[in-house]
Amino acid sequence: MKTWNKKEISRDQALALHNKYKLGALEASIFARRGVTAGSDLLYYLEDDARFLWKPFEFSQMEDAVDRILAAVDEGEKVLIFGDRDVDGITATAVLYEQLKRMNIDVSWRLPSGDDSYGLSAAAVEEFAKDYGSLLITVDCGISNYAEIQRAQELGVSVIVTDHHNPPDRLPAADIILNPKLPDSGYPFTEISGCSVAFKLAQALRFSQTELYKQDICLLNVRDDTVVECLKLRNLVKRKAYEKDFSDGTSSLASSGLVEFLRGEQIFVWDAPAVSAALKNLFGGGVEFNLFDLRPEAAKIIPYVSNVSLQKLSSLSKIALYSEEAGTELEAFYNIFVTYLDKKIAQSFPSIKECDERDLQLVALSVFSDIMPLKNENRIFARRALNTMNTGRPRSGLLELMARQGLLGKKISAKDLGWNVIPALNAAGRIGSPEDSLNLFLAESPDQRESFAQKILGHNENRKNLENSAWEFLGGRPEKSLQKFNGKFCLIVEEKIHRGVVGRIAAKLVQRLGVPSIAMTKAADIYTGSMRTARGVNCTDFLDQFGDIFINHGGHAGAAGFSLTAQNFELFQQKIGGLVQALELGADEELIVDIDAELTAQYVNDDLIKIVDLFEPYGNENPELVFMTKRARIAGAQILGKGERQHLKFYLEIGSQKWPALWWDQASRYKTEFNDGDFVDVAYNFQRNTFNGHEGRQLVVVDCQPARAGS
């Protein structure tokens, strides 16, 4: 029996959110119950403007990467983008390839195909070098390809690694590495996808078209007529700050370090006459500062700021609402400066915004496919992409695939992408033809894209058949393995499993058994395996303990893959037994239902979907909202589905309304545990239901229990 958990929160917590962020009482209580109370976290639920994304040049080596690619343009070099075969690698390849093509670079791409292993191969490196290639860029791979990148260096090929996987202890000797998980990456948020890293590089390359690229800029302000504060920027990223209070008269200009700080900088101020007067008052009329007044220029694009002071701007700033730091005048100056430049660049280079919008749809696919946490900028990636799709602007390739899947004409959600689009795109890579999914996005003619969309759906059917066949081979072996590992782990080794579906089988094992699981297959003398996690076990940490016997391995906390030779297989089996014995599992999350809010009948209405939409997109670290209502009455039911998978469709009376309520795989409980006329306490998701072009509302039951006495 499942345990329902409704976390207790104080009224003051919810009230504080209600007052500061103008949230309704229900939304405020849900945020408080989920622990989303810091402004820096709430921002990504309440805003979706692109200015809240981190700047690409936060990466400490981004400027080096851009310069190396610009050098390739100048020298007419051949460039190869090498991606991975999954959706993250395919979308990353598409994003960067399209950008380099726009720059007229002699660029080609390559993915692992057929029976190729995941990640960069020595053969790909050698073939590229033989064809006079000189710059190799990996996307969604490379961080673990030490030997292959060493071979590239030996052959005189420069390498830029863009990746997001956990870095090994020994990094490859690439010229440049962009990976947010590196300790010195400089990037503020580590949990972005491989495609997101490629997108940041594409954005940085687009920014290099502007006159602002590599420009050193200083923002200067005089606060309270005595405090001089400055902020140095390069590529719109904060680099160094200065602050000095001259009110006591003990510091001179010469000894203050201000002149040295400003040397060689373009100095921008807000309201030059007022700042000049304040500086003259502090340092005398003999000191001249070459100041550029931003306010009149900014007012041409943002009219309301024409007569607004920095102090007033700091109180009006949206960013100030979410950050303590943002309340300062200098931070307000930085925010308006960046906003102004973003708008100016959009006016001068309209193609940049168009490219960002096009790319973000691929970034969103990668976020969902690689199960990135739905927090921080991942939420903006996803929300902006979904908004574009839902306003009739799906990018080429995605449009053709979604049309064939019957998704056009309805509101697309993260779940639609996760259940339909992403598995189809992944299927091509799983059966050895990832180039079909990539070509879907790169093909120039609609007819070509239609053809690739049809191929992909065919691959997906093939993948389903391979998966079903593999599952049939297993019989009762998963339960036997679980018993062998004392209920803590499952390991399945089966040569009949197609290598492309071992990850899917591992995921099914987790779903069925609720423990970390590994599925393995064998081809020639190589075993290939995939691990999926449950109950708090970190996949990469677990597999790192086999590093001495693996050919290669890598992945994320939730999913990872590996390979090893047949001669090491027995050692692998011996070692895994000892490691599992010491494994500590967390609570079984499947047995706990976290309740976001208890609703009485008056709150269960069509408008509830607005709150559901506020918390979209759902996914990793942001599960669907679960509501609870007591004493709903069963007013009839239907059995849906055939064979083993039969579902229950309740009709629940809540107050004066009757709601359809689906309960997946629970048909056997009708007429045994629940009957018509029973009163039940129900935990549920509230969702849209689109049928024949009509959109309605439905409940999806998470758990249902007989109404308790007194409820």
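I need the helices (runs of 4 or more DSSP H) fully contained in region 431-512, keeping only those with at least 3 residues that are modelled with pLDDT of 90 or more and touching a helix residue (DSSP H, G or I) at 6+ places or on another chain (Cβ under 7 Å).
Output list reads 434-442, 446-474.
Say we look at region 126-157 and pick out the residues that are aromatic (Phe, Trp, Tyr) and open to solvent by 60 Å² or more (accessible area, probe 1.4 Å); which of these is modelled with the lowest pLDDT?
This residue is 146.
Can you name the residue in region 305-320 that is in contact with a helix residue (DSSP H, G or I) (Cβ under 7 Å, 6 or more places away or on another chain) and modelled with pLDDT of 90 or more and is also nearest to residue 339 (Cα to Cα) among such residues?
Here the residue is 305.
What strands (runs of 3 or more DSSP E) completely inside region 563-670 contain at least 1 residues that are within 21 Å of residue 6 (Cβ to Cβ) and of a type in the set (D, E, K, R)?
592-594, 627-640
Suppose we filter region 527-544 for residues that are out of contact with any strand residue (DSSP E or B) (no Cβ under 6 Å at 6 or more places or on another chain) and over 18 Å from residue 482 (Cβ atoms); how many remain?
So the answer is 3.
Report yes if some residue within region 161-176 is of a type in the set (S, T, N, Q) and part of a strand (DSSP E or B); otherwise report no.
yes
Which residue out of 29, 40, 108 is more than 30 Å from residue 345 (Cα to Cα) and small (Gly, Ala, Ser)?
Being more than 30 Å from residue 345 (Cα to Cα) and small (Gly, Ala, Ser) holds for just one of 29, 40, 108, which is 29.
What residue, among those in region 603-648 that are basic (Lys, Arg) and touching a strand residue (DSSP E or B) at 6+ places or on another chain (Cβ under 6 Å), is most open to solvent (accessible area, probe 1.4 Å)?
Residue satisfying both the conditions and the ranking: 631.
Take the residues in region 1-26 that are in contact (Cβ under 8 Å) with a residue 24 or more places away in the chain and among the polar types (S, T, N, Q); name whichever of them is farthest from residue 587 (Cα to Cα).
Looking at residues that are in contact (Cβ under 8 Å) with a residue 24 or more places away in the chain and among the polar types (S, T, N, Q), I get 13.
Which numbered condition trips up residue 295, out of (1) open to solvent by 20 Å² or more (accessible area, probe 1.4 Å); (2) on the phi > 0 side of the Ramachandran plot?
(2)
Among the numbered conditions (1) modelled with pLDDT under 90; (2) more than 30 Å from residue 47 (Cβ to Cβ), tell me where residue 260 comes up short.
Just one mismatch for residue 260, condition (1).
Just give me the residues in region 341-380 being part of a helix (DSSP H, G or I), within 16 Å of residue 52 (Cα to Cα), in contact (Cβ under 8 Å) with a residue 12 or more places away in the chain and not aliphatic (A, V, I, L, M), in sequence order.
Correct list: 342, 343, 356, 357, 377, 378, 379.
Specify which of the listed residues (258, 212, 220, 205) is surrounded by 17 or more Cβ atoms within 10 Å (Cβ to Cβ) and under 25 Å from residue 308 (Cβ atoms).
After ruling out the rest, the residue left standing is 220.
Rundown of residues vs (1) in contact (Cβ under 8 Å) with a residue 12 or more places away in the chain; (2) under 28 Å from residue 538 (Cβ atoms); (3) open to solvent by less than 30 Å² (accessible area, probe 1.4 Å), yes/no style:
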residue: 389; (1), (2), (3): yes, no, yes
residue: 395; (1), (2), (3): yes, no, yes
residue: 447; (1), (2), (3): no, no, no
residue: 479; (1), (2), (3): yes, yes, no
residue: 488; (1), (2), (3): yes, yes, no
residue: 496; (1), (2), (3): yes, no, no
residue: 504; (1), (2), (3): yes, yes, no
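Need the failing condition index for residue 426 against (1) buried (at least 16 other Cβ atoms within 10 Å of the Cβ); (2) in contact (Cβ under 8 Å) with a residue 60 or more places away in the chain; (3) under 25 Å from the mean Cα position of the chain (by Cα); (4) not in a helix (DSSP H, G or I), just the number.
(4)
The values are calculated or read from the model by the stated rules, or taken from the named source; none is laboratory data. Here the structure is a predicted model, which is why all the values come from computation and not from measurement. Note that each Cβ is placed from the backbone with ideal geometry, even for glycine, and that neighbours are counted across all protein chains shown. Surface areas here come from the heavy atoms of the whole protein model, side chains and all, with no ligands, DNA or RNA. Shrake-Rupley method; radii C 1.70, N 1.55, O 1.52, S 1.80 Å.
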